[in-house]
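To start, the structure itself, in structure tokens.
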Amino acid sequence: MIFWRILDNKIYNINETDKLGFEESEGLRIPDEYLEKQEFVIMRTCFGIGDWGILSAMPRLLKQKYPNCKVYLPSESLLKNMFKDIQGNWSIWEDPFKNVEYVFKNNPYIDGYLDDIPGEVFHDHYRIYNKNITDIPLLEQILKFWQFSKEELEDSQPELYFSEEEKTQGDKIINTFTDGKYGVLLISNRYNYEVDDLMINILKQNDLPYFYWSKDPLEQTRFSFINKALNLRNVDIRIQLYIKSKAILNVGSQAGINHLVVRYSNVYEVQRQFPLGGNFVKGENYLVDKEKQLLLKGLPDKWESKTTTTLRYKSEMINFFKDKKYKNMTVLEIGSSNGHSTKVLSHLFKKVTAVDILKERHEHSYENYNKFNSNIDYIVADVYNNPWNFGHHDVVFIDCVHDYKHVKSDIENSLKICNKPIMIFDDYGLFPDIKKAIDEYITLGKFEILKYIGHQKGTIIPKTQNKILKHFEGIICQVK
């Protein structure tokens with residue numbers, strides 16, 4: 001990370017650091033002469049709506065401590081001039097520099113927006129952290145640098161202020177689609193469906209109508225069962241925030257727009273970072289399947305690499321095989337490639353026999369994903385021109401050549417060396433030849449469908465020339 005200095009409207013690269021801010025014991029604080037002027041600027045160097053929202057209580061807290069002070073924010077045009085080179089870091093926003101106004105609109109503690117800020121700006125890199133405590137809210141770290149006492153900074157949760165017109169619009173939507181009691185579900189652009197069950201449990205415990213925002217059509221997710229109130233995708237962002245603030249609960253993946261309403265609503269978020277990053281907010285309920293999330297950490301999604309399965313596929317495979325009865329079974333992986341699925345399989349089963357035609361793929365698998373997994377045997381073999389001498393296995397994972405002839409060959413060879421194994425297939429709904437081959441065995445009664453896994457029909461897979469899934473991404477079958 002780079003520690004920046006902002007002086008006279010310009011950014012200066014000061015030094016590279018492992019952690020932004022200053023350790024508590026160093027004793028560094030904001031200069032007294034700056035505080036004596038009582039003209040303060042609030043500045044962030046990250047521009048998501050949640051990034052700004054983390055600081056939304058700061059104007060009020062400054063004015064409580066310094067009743068006669070002035071509190072200013074940078075204007076949209078100033079932010080563009082200073083940070084235009086990194087605007088793409090927040091590509092989900094058409095114009096991320098507008099988010100400061102979305103957050104602070106109607107805030108009575110703001111004295112204006114500045115196009116020019118002479119002198120030093122003590123922005124969000126100026127914070128005081130405790131190396132032994134990782135869950136101190138970011139605003140509290142910043143306010144420690146601003147010489148706030150513990151008592152003065154405790155009420156640090158984000159806050160929002162709505163106009164009467166915004167309230168009227170929001171209430172009209174709420175009352176049209178609900179009786180006033182409702183929840184909000186958010187599936188953000190960053191969520192990869194790793195731990196759906198954590199959110200599903202909360203949703204099922206709270207049987208309410210749900211306003212929702214989802215990066216994918218809800219029917220392509222496991223959340224389609226909710227009592228749908230209204231899709232919020234086309235609702236103004238400020239009205240969305242008002243609706244979220246009035247909800248009994250907000251459930252979703254970790255996202256800044258959820259942080260903003262933790263003062264007003266019960267917020268349940270799937271934790272994405274371990275440990276939590278600087279945007280920790282006091283009062284959130286973090287949903288964690290730490291073992292699974294750490295297992296999947298660092299593995300690519302199919303959106304990044306066409307030669308792997310999606311993270312959702314991997315997650316649902318973990319869900320299916322997490323029962324202890326599978327722990328003593330062995331698995332044969334045909335087409336282990338770079339070792340992404342090998343890592344997951346080694347966690348689920350007693351032993352993995354990973355087979356691939358290229359030695360360098362095994363080397364990549366070992367060095368990058370499986371160096372500490374001692375239950376993997378790596379075999380270099382051409383599975384289509386040589387007999388299978390891999391021994392009996394309880395489970396077979398097939399993800400090799402994706403055409404009818406070769407999939408049939410993989411299945412027949414598996415049946416020869418394994419006694420009624422469980423069969424796992426990738427790309428069932430993506431390549432018609434794969435589905436055709438598997439369906440023949442299902443139709444003949446030789447395969448029993450145990451579970452469909454991964455993304456559902458209609459999902460676009462960009463890295464495969466935008467192919468569209470015609471069925472589920474994967475399938476698990478029991479040989480009869």
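The values are calculated or read from the model by the stated rules, or taken from the named source; none is laboratory data. Just so it is clear, the model here is predicted, and its values are computed rather than measured. Cβ placement follows ideal geometry from the backbone for every residue including glycine, while neighbour counts extend to all protein chains displayed. All accessible areas refer to the heavy atoms of the entire protein, side chains included, with ligands and DNA or RNA removed. Shrake-Rupley method; radii C 1.70, N 1.55, O 1.52, S 1.80 Å.
Data table
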{"item": "Index of the failed condition, residue 347 passing every other in (1) under 19 Å from residue 423 (Cβ atoms); (2) of a type outside the set (Gly, Ala, Ser); (3) assigned to a helix (DSSP H, G or I)", "result": "(1)"}
{"item": "Check on residue 193, at pLDDT below 95 and open to solvent by less than 30 Å² (accessible area, probe 1.4 Å)", "result": "yes"}
{"item": "Unique residue being assigned to a helix (DSSP H, G or I), of a type in the set (A, V, I, L, M), open to solvent by less than 40 Å² (accessible area, probe 1.4 Å) and over 21 Å from residue 327 (Cα atoms) when the list is 383, 407", "result": "407"}
{"item": "Helices (runs of 4 or more DSSP H) wholly inside region 1-117 containing at least 3 residues that are exposed (fewer than 12 other Cβ atoms within 10 Å of the Cβ) and out of contact with any strand residue (DSSP E or B) (no Cβ under 6 Å at 6 or more places or on another chain)", "result": "32-37"}
{"item": "Residue in region 131-144 that is more than 27 Å from the chain's Cα centre (by Cα) and either assigned to a strand (DSSP E or B) or among the polar types (S, T, N, Q) (or both) present", "result": "no"}
{"item": "Set 407, 383: member being β-branched (Val, Ile, Thr), farther than 24 Å from residue 456 by Cα and at pLDDT 95 or above", "result": "383"}
{"item": "Any hit, region 451-465, residues being more than 19 Å from residue 335 (Cβ to Cβ), at pLDDT below 95, in contact with a strand residue (DSSP E or B) (Cβ under 9 Å, 6 or more places away or on another chain) and not in a loop (DSSP other than H, G, I, E, B)", "result": "yes"}
{"item": "Members of region 176-188 that are open to solvent by 80 Å² or more (accessible area, probe 1.4 Å) and assigned to a loop (DSSP other than H, G, I, E, B)", "result": "179, 181"}
{"item": "Residue in region 409-431 that is farthest from residue 330 (Cα to Cα), counting only those that are under 35 Å from the mean Cα position of the chain (by Cα) and among the β-branched types (Val, Ile, Thr)", "result": "424"}
{"item": "Region 347-369: number of residues that are farther than 17 Å from residue 328 by Cβ, of a type outside the set (D, E, K, R) and touching a strand residue (DSSP E or B) at 6+ places or on another chain (Cβ under 6 Å)", "result": "3"}
{"item": "Conditions (1) touching a residue at least 60 places away in the same chain (Cβ under 8 Å); (2) in contact with a helix residue (DSSP H, G or I) (Cβ under 7 Å, 6 or more places away or on another chain); (3) of a type in the set (A, V, I, L, M): number failed by residue 232", "result": "(1)"}
{"item": "Extreme residue, farthest from the chain's Cα centre (by Cα), among residues of region 365-380 that are among the polar types (S, T, N, Q) and open to solvent by 80 Å² or more (accessible area, probe 1.4 Å)", "result": "374"}
{"item": "Total residues in region 305-314, condition open to solvent by less than 70 Å² (accessible area, probe 1.4 Å) and either outside any helix (DSSP H, G or I) or in contact with a helix residue (DSSP H, G or I) (Cβ under 7 Å, 6 or more places away or on another chain) (or both)", "result": "6"}
{"item": "Region 118-147: number of residues that are in contact with a Pro (Cβ under 9 Å, 6 or more places away or on another chain) and open to solvent by less than 20 Å² (accessible area, probe 1.4 Å)", "result": "2"}
{"item": "Tabulated pairs, region 466-480, first touching a residue at least 24 places away in the same chain (Cβ under 8 Å) and buried (at least 22 other Cβ atoms within 10 Å of the Cβ), second of a type in the set (A, V, I, L, M, F, W, C) and assigned to a loop (DSSP other than H, G, I, E, B), C-beta under 7 angstrom, 6+ apart or interchain", "result": "473/430"}
{"item": "Selection within region 199-223 - aromatic (Phe, Trp, Tyr) and open to solvent by less than 30 Å² (accessible area, probe 1.4 Å)", "result": "210, 211, 223"}
{"item": "Condition check for residue 424: in a strand (DSSP E or B), open to solvent by 20 Å² or more (accessible area, probe 1.4 Å) and aliphatic (A, V, I, L, M)", "result": "no"}
{"item": "Qualifying residue in region 128-138 (condition: in contact with a helix residue (DSSP H, G or I) (Cβ under 6 Å, 6 or more places away or on another chain), of a type outside the set (Val, Ile, Thr) and closer than 24 Å to residue 22 by Cα)", "result": "yes"}
{"item": "Criterion: free of Cβ contacts under 8 Å to residues at least 24 places away in the same chain and outside any helix (DSSP H, G or I) - qualifying residue of 360, 269, 291", "result": "269"}
{"item": "Residue within region 69-83 that is closer than 27 Å to residue 166 by Cα, in contact (Cβ under 8 Å) with a residue 12 or more places away in the chain, in contact with a Phe, Trp or Tyr (Cβ under 7 Å, 6 or more places away or on another chain) and of a type in the set (Gly, Ala, Ser) present", "result": "yes"}
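Residues are listed down the side, and each one gets a yes or a no for (1) at pLDDT 95 or above; (2) of a type in the set (Lys, Arg); (3) open to solvent by 10 Å² or more (accessible area, probe 1.4 Å):
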{"position": "276", "(1), (2), (3)": "no, no, yes"}
{"position": "282", "(1), (2), (3)": "no, yes, yes"}
{"position": "303", "(1), (2), (3)": "no, no, yes"}
{"position": "323", "(1), (2), (3)": "no, no, yes"}
{"position": "328", "(1), (2), (3)": "yes, no, yes"}
{"position": "349", "(1), (2), (3)": "yes, no, no"}
{"position": "354", "(1), (2), (3)": "yes, no, no"}
{"position": "357", "(1), (2), (3)": "yes, no, yes"}
{"position": "363", "(1), (2), (3)": "yes, no, yes"}
